[in-house]
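Structure first, commentary second.
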Amino acid sequence: MLYGGCVTELLAKAGQRLGMKVEHLLYQSGLHEEPTLPLRSSFDAVLVGFAFRTLVGQSAERLLGFHDADLVYQKNLPYDELLSTIKSLIDQLLSKFQSVFLGKSPVFFLSFIEPPQTSAGLLNARNSGGIYRLSRDINDYMAERLAHIDGAYYLETNDLLRAYGDRDWYDGYEVCYAHSGIHGDTSARSFPAAVMRRVGKVLAVLHQEQPVKLIVTDLDGTLWKGVLAEEDEIIPGDHTEGWPIGYAEALMACKKRGILLAICSKNDEASTRTNFDKVWYGRMRLEDFCSVKINWQPKSKNLFEILKEVNILPENVLFIDDNPLEIAEVIRAFPGMRTLTGDPHVWRMELLYGVPFQTPRMTEESAKKTELIQAKITRDREMAQTDRASYLRDLAMVVDVFPVTHQDDKLYARAFELLNKTNQFNTTGRRWTAEELTRFLGEGGLLYALRASDRLADHGVVGLALLYADRLEQMVLSCRVFGLGLEDALLHRVASMDGATNGVVAKWHETGKNATAKHFLERHFIFEAEAWHLRQLPLFPEHVKLRE
């Protein structure tokens, strides 16, 4: 479903030519207009294009007393006052769409088309007060606002317009800039068609079931040019300039999104670690990788060790190596693992723009995922050197369990991410849309989150339990904290908080990947009358302290 004026009308036609089922409703972004659900109110997505001209015109009416949509930015109005007025109008329009659509379908709000940066003059391109700066500031504001509204997303299109060519598509060169329109071609190779393909892509990101959680990279011929062990003198620029720095940039972008990085290389470890620092000299560090395996073992064996350390399934891993023979050896050992070889320019584009490498929302846990996994690896090594009970006592684990009641909760985004990315400890494997989870909470469902920290790291939210009355709809636990008894702590708290004790009935669905969750159910539940019934309230682990 598309709401908007002439631009969204062209997008609708382009989508139809691509085979999409698209409906378009004329909407001019006036405050007097009320967005409504059409008769067929079930859509994969809603796409909204606010009219820049209308927003500017309504702002002029407030500030000047008359409707001037096209030239108000040329007047000597205080820029901050004009920008503030437009922001206020955007807030009011967003509120209208929130009340109608959120909880039903994801809603994408199109960016405003930005005029040329030189619209204010060749030597004053970025001056405040120009229409380019106004458009950019409004886009930045809308992106920031939507980042905090669950189920609503900012959809950038200006990069596509630049790629397809402003001169061919943007009508501001012939019409006034404030019109913010495009020309009418809707063929499959057109800019409107590219926007609609992007809509399809972001929907795939929202609904993906097998995102990449770990990227494992080779070194020689992959993270740098050539074989460093064969070089008499290492000149960094000779080995990293060109595609290697582009590949490294893409890896670091994935790390910021919460994807883990690891190294798997056949080499002498001591000299390779030294050469790594020489080549990258701080631009990229070995500490950016959660696991580093540099030896002469088969790469499949090293990958087995890496997967064991990070506790991630092969299906959620991408292995990149310039040698097709190494790729073949790994695929024989891990048929479900994704791989890349060949042209390194393709690697960069895939990592930056491929669906499995995207995330709908950035969370605090995503930003520090590498640090948390490194803490897990340290924890596992320490545990192997002592008896488990003593180690757990010394770990000083502290948790709190609390309800997440609505999408404005500051930890809602992390809870939603954990719910949809967890495979191994997941009692049903169900993937939720934002609309389904909002509806669940609105109809009396409860979502409890477990947050944990110990002497090694603050792990953040690592466990979730969804309850409806006495039914445990789903329970998930991050693979980073397996073996610490946190699943028992979570079950104890949620069962005792609701007074359900042994009346809890758990849902279960076999996914082929969630054997860990099955073992948990078998410890605490008994299968009778086609359902899993809680035997008794589990003890709260002695080594875990409940945060006051």
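Here are the numbers for the structure shown:
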| quantity | calculated |
| --- | --- |
| Some residue of region 239-247 being β-branched (Val, Ile, Thr) and either assigned to a loop (DSSP other than H, G, I, E, B) or within 22 Å of GLU269 (Cα to Cα) (or both) | yes |
| Residue check for VAL461: in contact (Cβ under 8 Å) with a residue 12 or more places away in the chain, crowded, with 23+ Cβ neighbours inside 10 Å and β-branched (Val, Ile, Thr) | no |
| Candidate set: region 12-67, residues that are among the aromatic types (Phe, Trp, Tyr) and under 27 Å from the mean Cα position of the chain (by Cα); chosen: the one farthest from ASN139 (Cα to Cα) | PHE43 |
| Pairs with Cβ under 6 Å, 6+ apart, first in region 299-310 and of a type in the set (Asp, Glu), second not in a helix (DSSP H, G or I) | GLU309/SER291 |
| Qualifying residue in region 395-405 (condition: in the same structural domain as ASP288 (by TED's automatic domain parsing) and in contact with a Leu (Cβ under 6 Å, 6 or more places away or on another chain)) | no |
| Those residues of region 502-548 which are out of contact with any strand residue (DSSP E or B) (no Cβ under 7 Å at 6 or more places or on another chain), of a type in the set (A, V, I, L, M) and farther than 24 Å from ALA389 by Cβ, in sequence order | ALA515, ALA529 |
| Residue in region 16-26 that is part of a helix (DSSP H, G or I), among the charged types (D, E, K, R) and surrounded by 14 or more Cβ atoms within 10 Å (Cβ to Cβ) present | yes |
| Some residue of region 514-524 being in the same structural domain as LEU392 (by TED's automatic domain parsing), at pLDDT below 90 and surrounded by fewer than 16 Cβ atoms within 10 Å (Cβ to Cβ) | no |
| Qualifying residue in region 434-448 (condition: of a type in the set (D, E, K, R) and touching an Asp or Glu at 6+ places or on another chain (Cβ under 9 Å)) | no |
| Region 344-362 residues that are farther than 20 Å from HIS207 by Cβ, paired with ones that are of a type in the set (Ser, Thr, Tyr) and in a loop (DSSP other than H, G, I, E, B) (beta carbon under 9 Å, 6 or more apart) | PRO344/THR222; TRP347/THR222; TRP347/THR341 |
| Any hit, region 380-401, residues being at pLDDT below 90, surrounded by fewer than 18 Cβ atoms within 10 Å (Cβ to Cβ) and of a type in the set (Val, Ile, Thr) | yes |
| Qualifying residues in region 422-459 (those that are of a type in the set (A, V, I, L, M, F, W, C) and not in a strand (DSSP E or B)) - the one modelled with the highest pLDDT | PHE425 |
| Residues that are in contact with a Lys or Arg (Cβ under 7 Å, 6 or more places away or on another chain), within 30 Å of LEU484 (Cα to Cα) and among the β-branched types (Val, Ile, Thr), drawn from region 335-378 | THR359, THR363, THR370, ILE373 |
| Counted residues, region 340-353 - those being within 25 Å of VAL199 (Cβ to Cβ) and surrounded by fewer than 17 Cβ atoms within 10 Å (Cβ to Cβ) | 4 |
| Those residues of region 297-339 which are in contact with an Asp or Glu (Cβ under 8 Å, 6 or more places away or on another chain) and either in a loop (DSSP other than H, G, I, E, B) or exposed (fewer than 14 other Cβ atoms within 10 Å of the Cβ) (or both), in sequence order | PRO298, ASP321, ASP322, ASN323, GLY336, MET337 |
| Considering residues of region 253-309 that are closer than 27 Å to VAL355 by Cα and among the basic types (Lys, Arg) only, the residue farthest from the chain's Cα centre (by Cα) | LYS299 |
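Yes/no per residue for (1) touching a residue at least 40 places away in the same chain (Cβ under 8 Å); (2) under 30 Å from LEU10 (Cβ atoms); (3) small (Gly, Ala, Ser); (4) not in a helix (DSSP H, G or I):
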site	(1), (2), (3), (4)
LEU161	yes, yes, no, no
THR186	yes, yes, no, yes
ALA194	no, yes, yes, no
ARG197	yes, yes, no, no
GLY200	yes, yes, yes, no
LEU203	yes, yes, no, no
GLU209	yes, no, no, yes
ASP232	no, no, no, yes
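The values are calculated or read from the model by the stated rules, or taken from the named source; none is laboratory data. Quick caveat, the model's predicted, so the values are computed rather than measured. Every residue, glycine as well, gets a Cβ built from its backbone with ideal geometry; the counts of neighbours run over all protein chains shown.
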